[in-house]
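Written out below as structure tokens is the structure these notes cover.
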Amino acid sequence: MTKVKITKQELKKQKDSLARFERYLPTLQLKKKQLQRQIIKVRQEISKLEKERDEYRKKIDEWVDLFARENPLNEIITLESVLTRRESIAGVDLPVFEKAEFKEKEYDLFSTPLWFDAAVESVKEMITFRARSIILERQLEALKRELNITNQRVNLFEKIKIPEAQENIRVIQIYLGERRTAAVVRGKIAKKKIKG
């Protein structure tokens, strides 16, 4: 605990600080709850996305071996960019997936099997699943980081700043009360001496 001056000005300063801390704490607690809800939401989105990806993979597993052996699709399809937008949630600037853009080399439709177009689209879809997953993981990391900071601030106010201000106010009030009492006693003694 830092040493405080025992003055009326310091008492006012401590009361103002306490009022400010008590006014700011509910805002921090609200932000903490919003971040916790958003973390749960992002985790659910990740789980849903993984489930969708797994279901999609089951659909294409039957013929995926065919194009893996015959035509290397990685030479035809290239992920060019992942477009995101920024969104502020509970004061945190988060990336939000928009779409994945691909660069596709031309290929001869007559020399490729019939299923090749579907394979190209499937590969694009799997890459898009991965890109969406990476963006969601980044959101989760940013939210966790902000939640950690907010938790530290809530604890600082609840466990340190507010109790410290309350204790300082108590100490100053006791000291000033004792000084008032002593002044009254001295005044009475002086009055008796003057009369006496």
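Just a few scattered comments:
- Verdict on Arg186 being over 16 Å from Lys12 (Cβ atoms) and part of a helix (DSSP H, G or I): yes
- Qualifying residues in the stretch 1-15 (those that are in contact (Cβ under 8 Å) with a residue 12 or more places away in the chain and in a helix (DSSP H, G or I)) - the one surrounded by the most Cβ atoms within 10 Å (Cβ to Cβ): Gln14
- Only one of the listed residues (Glu146, Glu164, Glu158) is modelled with pLDDT of 85 or more, charged (D, E, K, R), closer than 25 Å to Lys3 by Cα and buried (at least 17 other Cβ atoms within 10 Å of the Cβ). That residue is Glu164.
- Per the conditions (1) at pLDDT 90 or above; (2) in contact with a strand residue (DSSP E or B) (Cβ under 8 Å, 6 or more places away or on another chain); (3) part of a helix (DSSP H, G or I); (4) crowded, with 18+ Cβ neighbours inside 10 Å, the sole criterion not satisfied by Val123 is (1).
- Test: residue in the stretch 107-119 that is part of a helix (DSSP H, G or I) and either closer than 30 Å to Lys15 by Cβ or not hydrophobic (A, V, I, L, M, F, W, C) (or both): yes
- Boolean, Glu98 is in a helix (DSSP H, G or I) and among the acidic types (Asp, Glu): no
- Residues satisfying the stated conditions in the stretch 42-62, i.e. loosely packed, with under 13 Cβ neighbours inside 10 Å and basic (Lys, Arg): Lys48, Lys51, Lys58, Lys59
- A Cβ distance below 7 Å, combined with a sequence gap of six or more or placement on separate chains, defines the contacts here; from the stretch 16-35, residues that are among the charged types (D, E, K, R) reach residues that are surrounded by 14 or more Cβ atoms within 10 Å (Cβ to Cβ) and part of a helix (DSSP H, G or I) in the pairs Glu22/Ile162; Lys31/Thr150; Lys32/Leu147; Lys32/Thr150; Lys32/Asn151; Lys32/Val154.
The values are calculated or read from the model by the stated rules, or taken from the named source; none is laboratory data. Note that this is a predicted model, so its numbers are computed, not measured. Don't worry about glycine lacking a Cβ; one is built from the backbone with ideal geometry, like all the others, and counts go over all protein chains shown.
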